[in-house]
Amino acid sequence: MLDPITFSSAKPAPGAFATTWAAHGPTRTVRSPIDGAAIGSVTTATAEDAESVIAAAHSAFQGWRLVPAPRRAEVVRQLGQALRGRKEDLAQLITLEMGKPIAESRGEVQEMIDICDFAVGLGRQIGGLTLPSERVGHRLQESWHPLGVVGVITAFNFPAAVWAWNAAVALTCGDTVVWKPSSKTPLTAVACTRIAAEVLERNGHPGAVCSLVIGSGREIGDRLVSDPRVAMVSYTGSVPTGRHVGRVVQERFGRHILELGGNNAAIITPSADPEQALAAVFFGAVGTAGQRCTSTRRVIVHESLYDRMVEGLKSGYARLPIGDPRDEGQLMGPLVDPAAVQTMQAAITRAQEQGGVVLQGGEVLEREGGCWVTPCLIQAHPGMAIVREETFAPILYLLSYRDLDQAIALHNDVPQGLSSAIFTNDMREMERFLGPAGSDCGLANVNTSTSGAEIGGAFGGEKETGGGRESGSDAWKAYMRRQTAVINASGSIALAQGVSFEL
Ligand code: UN1
């Protein structure tokens, strides 16, 4: 049998799966950003392929929703076990396909395993409230029922974990999943789906419980988003596309979870431990080459610590090991593609035009593949328009502040609202940051990085980040429909609000 994680350029992997693997669109060769080498190929899905996948997922839902939740969760437990068994291979594939350092790819697969474990427990915890009725002999009862087909559209930067956050929870909740991955990372998606398909087959469930369709956003993504059989769309990606997805799904009164841009800042206060703050900002800004939604993009430093932070960051940036992300010990690999390098260069130029000063880095490195840069540190001022934008690249803007109210105002003065951090050992400062007039983000951290969230919490953000929540806590509720039942055991009809309506 074909190994789930093996690909060749000569024999394209079909890029659509529900009941069988079949795709009839053009073949795409996948190149590694590490050196531009061809690492495999996929046939993309046509509109007809997408239609059969959605139809199969919709039909599979009719049966899957009737499987008891703990038994659905048992399938998710086995998926977690299968991922444990293939952790290293899958991590290697992620690194090869999108270029993040191998240690981070292992972390990404670990996130997948963790969310499976979470979803196993969830299988025995999906519970509704029983509430008092105002009528004698009545009670109110809430049930949570499976929702339907969940369309999961993911980005290149977490080519496997974002699918897993959605799929593990959705499967336990009794939904079936159609995954449309980023066109930049199709091989990882095929590998994950093959692993899930094996688990489903072993348990006698149809493959269409967890299906895949690879193709362009315009054609395949749009079909998922506009199809009324897709009860919920979980979209991770850019603000403009997210705005489109939100409108189209809302138009048909579907549901959506939007995980869009972040412009995450860390405030460093006078009471902060500078070494701790430096380490966290360094990981936040340079980790995944600045290509996380949660990447630290702005540092707002108290003027008393500004010079020290600048020196610390400059020296860290200058010493950063940048190289083949498959080698242990490299902290930064390439950007995802040459276009990302162009975007970064254009942003640096604009920042300079707006008065920003490059303190360190931002160079393009002449290496095979054309995706290599050094991370960039820019001294900025609050008037710079580009500081309010998300550039998906390792650019960090440094700003200084005098009093905390000013820092919080600066912090919140961006259209995005995903992640945030404060570095402080002063509990009053911490409470201001975490309080109602503090950080306006969905994630607010104290003395730790803006990036690297655990799966146990609800993940997502406000404003242009889109408002969705996925992963842990009670994010599962978005994947189910709530039904409130009134149960009358009184033996007679009594109307609420004391209304009398008798003939
Ligand atoms: C993303 O970049 O889309 O918190 C997700 C983090 C990771 C997930 C990032 N756990 O950085």
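The values are calculated or read from the model by the stated rules, or taken from the named source; none is laboratory data. Given the structure is predicted, the values throughout are model-derived calculations rather than measurements. Methodologically, a virtual Cβ is constructed for each residue, glycine included, from the backbone with ideal geometry; neighbour enumeration extends over all protein chains shown. Surface accessibility is based on the protein's heavy atoms, side chains included, excluding ligands, DNA and RNA. Shrake-Rupley method; radii C 1.70, N 1.55, O 1.52, S 1.80 Å.
Principal-axis analysis of the Cα atoms of the chain puts helix 69-85 at an angle of about 30° to the longest axis.
Residue ranking by accessible heavy-atom surface, 1.4 Å probe, largest first, among Arg28, Arg297 comes out as Arg28, Arg297.
Rolling a 1.4 Å probe across all protein chains gives Asp89 an accessible area of roughly 70 Å².
Surface composition of the chain: carbon and sulfur make up 52 percent of the accessible area, probe 1.4 Å.
Accessible-area rank, largest first, for Thr193, Thr241, Thr484, Thr19: Thr19, Thr484, Thr241, Thr193, with all protein chains present and a 1.4 angstrom probe. Note on segment 383-426 and segment 190-257: Cα centroid distance 33 Å, given to the nearest whole angstrom.
Computed from backbone phi with θ = phi - 60° and the Karplus coefficients 6.51, -1.76 and 1.60, the 3J(HN,Hα) list for segment 231-237 is 5, 9, 10, 9, 10, 10, x Hz; x is used for glycine and proline. Based on C-alpha pairs under 8 angstrom that are at least 6 apart in sequence, segment 264-446 has a relative contact order of 27 percent. Reported value for segment 1-124: 121 Å³ per residue, from the convex hull of its C-alpha atoms. For segment 401-503, the set of GluC sites (Glu not before Pro) satisfying both a DSSP loop assignment and a count of at most 13 other C-beta atoms within 10 Å is given as Glu454, Glu502. Between the alpha-carbon centres of segment 323-338 and segment 106-133 there is a gap of 33 Å. The GluC sites (Glu not before Pro) of segment 259-317 that DSSP puts in a loop, and whose beta carbon has at most 15 other beta carbons within 10 Å, are Glu303.
Of Arg124, Arg194, Arg481, the residue with the largest accessible area leads and the full order is Arg124, Arg481, Arg194 (1.4 Å probe). 3J(HN,Hα) along segment 455-468, derived from phi through the Karplus expression 6.51 cos²θ - 1.76 cosθ + 1.60 where θ = phi - 60°, amounts to 6, x, x, 6, 10, x, x, 9, 6, 5, 5, x, x, x Hz, with x in place of Gly and Pro. Remark on Thr465: its backbone amide H falls under 5 Å from those of Gly417, a criterion applied only to residues 5 or more positions apart or on other chains, H modelled at 1.01 Å from N.
Remark: segment 264-446 carries 40 Å² of accessible area per residue (probe radius 1.4 Å; ligands, DNA and RNA excluded).
Pairing the Cα long axis of helix 47-64 with the longest principal axis of the chain, what angle in degrees results, from 0 to 90 and rounded to the nearest 10? Result, in degrees: 50.
Loop-located trypsin sites (Lys or Arg not before Pro) in segment 221-263 (DSSP state not H, G, I, E or B) with no more than 15 neighbouring Cβ atoms inside 10 Å: Arg252.
At a Förster distance of 35 Å, what's the computed FRET efficiency of His381 paired with Gln110, Cβ-Cβ distance as r, to 0.05? Working from the Cβ atoms, E equals 0.30. Rolled with a 1.4 Å probe across the full set of protein chains, the surface gives Ser419 an accessible area near 0 Å². Over 28 Å between Cα atoms: which of Lys87/Lys184; Lys100/Lys314; Lys184/Lys314; Lys11/Lys180; Lys87/Lys463; Lys87/Lys314 fall into that group? Violating the 28 Å limit, Cα to Cα: Lys184/Lys314; Lys87/Lys463; Lys87/Lys314. Listed by chain and number, the aspartates and glutamates placed with their C-alpha closer than 13 angstrom to that of Lys477 are Glu142, Asp175; residues fewer than eight positions away on the same chain are left out.
Solvent exposure of Lys184, expressed as accessible area, is near 90 Å², computed with a probe of 1.4 Å over the protein chains only.
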